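First comes the structure, then the notes that go with it.
Laboratory data are not the source of any read-out in this text; all were calculated from the coordinates shown. Just so it is clear, the model here is predicted, and its values are computed rather than measured. A quick note on method: Cβ atoms are made from the backbone with ideal geometry, for glycine too, and the neighbour counts reach across all protein chains shown.
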Amino acid sequence: MDAPTCLKKLEHVGVLAFATVDGHGAPQVRCISAIHYEPDALYFFTARGKNFCRELLRDGRVQVLAYTMYKEMIRLSGTARRVPDEEQAEWRDMIFEEQPYLSNVYPGDTRDIGVVFCIKDMAIEYFNLGVSPIFRESYAVGGGMVAGKGFAILESCIGCGTCRRVCPQDAIEEGRPYRIRPEHCLHCGNCFENCPVSAVARLPK
């Protein structure tokens, strides 16, 4: 798996959930399908009068989430930036061409009320629940940064094996210290809660 493949999977899903935060700090989620995909970027259309547009212009931070028929979760975290004025018509018309239903929603020149945003700097998390053991990986695109999360076993591990016995995905391998295989970790916290010497730390440390 890699970032371009994740973006292609998002394209096949079609309708994505976009999460922002409003001016009162409350979470907001919308389903968006007016999207054009590039191998390393995502362009999308919304109208200037919408709260969604104002939230993006004010802050820009956004998370995008999709869930495929194969039990794959793909989460994109990044900053949406307004496309420069001289490029707006080009990207808008491309999105309308790829998504014909938009011409019924915004017929004729009414499409001019729209604004195209682009996400180029992003982190993508891929999480597949449809395989055993589960599989997860994260990828950085452009200036995006992948933040560490989940759990790690510290040098204070006594090698008792409790963490390995309670792991639902058998994601912990024996050693000094024991080691969590992050690509198979659920982030459930069972090892963290059951370690008798508190040698499991939540990431980032």
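Miscellaneous remarks
- Nearest 10 degrees, 0 to 90: helix 3-13 Cα axis against the chain principal axis: 60
- Label-point separation in nm, ARG179 to LYS8, each point 7 Å along Cα→Cβ: 3.1
- Modelled this way, with points 7 Å down the Cα-to-C-beta line, the labels at ILE113 and LYS149 are 3.6 nm from one another.
- Only the Cβ atoms of Lys and Arg (+1) and of Asp and Glu (-1) were treated as charged; on that basis the dipole of the chain about its Cα centre amounts to roughly 880 debye.
- Taking the chain as a whole, the Cys residues whose C-beta sits 4.7 Å or farther from every other Cys C-beta are CYS6, CYS31, CYS53, CYS118, CYS157, CYS160, CYS167, CYS185, CYS188, CYS195.
- Helix 85-98 axis, angle to the chain major axis (alpha carbon atoms, nearest 10°): 80
- Radius of gyration, Dmax [the stretch 22-139; alpha carbons; angstrom]: 15.7, 52
- In plain terms, the residue of MET94, MET69, MET145 with the fewest other Cβ atoms within 10 Å comes first and the most crowded comes last, giving MET69, MET145, MET94.
- Largest GNM mean-square fluctuation across ILE153, ILE95, ILE35, computed for the chain with C-alpha springs under 10 Å, falls on ILE153.
- Ranked list, fewest to most other Cβ atoms within 10 Å of each Cβ, for ILE134, ILE158: ILE158, ILE134
- Between LEU57 and LEU203, full extension at 0.36 nm per residue minus the direct alpha carbon distance yields a gain of 49.4 nm.
- Considering only TYR37, TYR106, TYR67, the mean-square fluctuation computed in a Gaussian network model of the chain, springs between alpha carbons under 10 angstrom, is largest for TYR106.
- Of the residues HIS36, HIS12, HIS187, HIS24, the one with the fewest other Cβ atoms within 10 Å heads the list, and the complete ranking is HIS24, HIS12, HIS187, HIS36.
- Share antiparallel - DSSP beta bridges, the stretch 3-141, percent rounded to 5: 100
- Among LEU56, GLN169, ILE74 - extreme Cα towards positive end, dipole of the chain, charges at beta-carbon: GLN169
- For the pair VAL166 and SER33, a Förster radius of 41 Å applied to the C-beta separation gives a FRET efficiency near 0.45, rounded to the nearest 0.05.
- Spatial separation of Cα centroids for the stretch 32-55 and the stretch 132-205, in angstrom: 36
- If you plug the beta carbon distance of MET94 and ALA19 into 1/(1 + (r/R0)^6) with R0 = 35 Å, you get a FRET efficiency near 0.90.
- Of PRO39, PRO107, PRO84, the one that fluctuates the most in a GNM where the chain has Cα springs shorter than 10 Å: PRO107
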